[in-house]
Amino acid sequence: MKRQLVILLTVFLGVFAISCSKTYEETYPSLFRTDEAGNRVPRMFTWYDIPSASGTLAIPIYYSGNWQIRFAEESTWAYLDRNSGTGVVTLHVGYLQNSTGATRTLILKLTCDNGELLDITIIQPSV
C-alpha cells in the first residue's frame, strides 16, 4: 500500500511539474473585441499623434494569424520596419522631422488573413 501511494504521488507531482512548465500564449483570432456595451471595437489603437521631431513609433499588432500592412498613399517621410508578419508583434514606424509648416497625416492599411481590415491614422504637426 505504501509503495502504491509513493508511485501515485510521484506520478501526480510529475504531471503537475509538466503542466507548470507550459508557456501561456495569448491568441487573438480577430482584430476586434466586444466592449462592455456590446460594441465591436478594435483591440489596438487606431490613432496616434507623434511629435514634429524625427523618431520611431511602436504599434502592437494584436492578431494571431498572418497580416500585411501598407501605406494608403506613398510616403516620403515615414517607413515601416516590416510590411507583413505572423502573430502578435510590434510594428515600428520611423518618421522624419516635419518642418513643412503644415500638419502631416499618414494612414496605414492593415489586412488580415481572416479578411478583416483596419486603418491606423498617424498625425504629425509641423515644427
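The values are calculated or read from the model by the stated rules, or taken from the named source; none is laboratory data. Small disclaimer: the values here were computed from a predicted structure and weren't measured. Every residue, glycine as well, gets a Cβ built from its backbone with ideal geometry; the counts of neighbours run over all protein chains shown.
Of note:
- Filtering the range 26-64 to residues that are under 10 Å from the mean Cα position of the chain (by Cα) and of a type in the set (A, V, I, L, M) leaves LEU31, MET44, ALA58, ILE59, ILE61.
- When the criteria are applied in full, ALA78 fails the requirement of being at pLDDT 95 or above and within 21 Å of SER30 (Cα to Cα).
- LEU110 surrounded by 10 or more Cβ atoms within 10 Å (Cβ to Cβ), modelled with pLDDT of 95 or more and either under 17 Å from the mean Cα position of the chain (by Cα) or part of a loop (DSSP other than H, G, I, E, B) (or both): yes
- Scan of the range 113-127 for residues that are over 14 Å from TRP67 (Cβ atoms) and of a type in the set (A, V, I, L, M, F, W, C), ordered by number: ILE122, ILE123, VAL127
- Note on the range 114-127: residues that are exposed (fewer than 12 other Cβ atoms within 10 Å of the Cβ) and on the phi < 0 side of the Ramachandran plot amount to 2.
- Answer residue from the range 41-96, given it is outside any strand (DSSP E or B) and among the hydroxyl-bearing types (Ser, Thr, Tyr) and is surrounded by the fewest Cβ atoms within 10 Å (Cβ to Cβ) among those: THR76
- Scope the range 8-34; condition modelled with pLDDT under 75, surrounded by 10 or more Cβ atoms within 10 Å (Cβ to Cβ) and not aromatic (Phe, Trp, Tyr); matching residues: LEU8, LEU9, THR10, VAL11, LEU13, GLY14, VAL15
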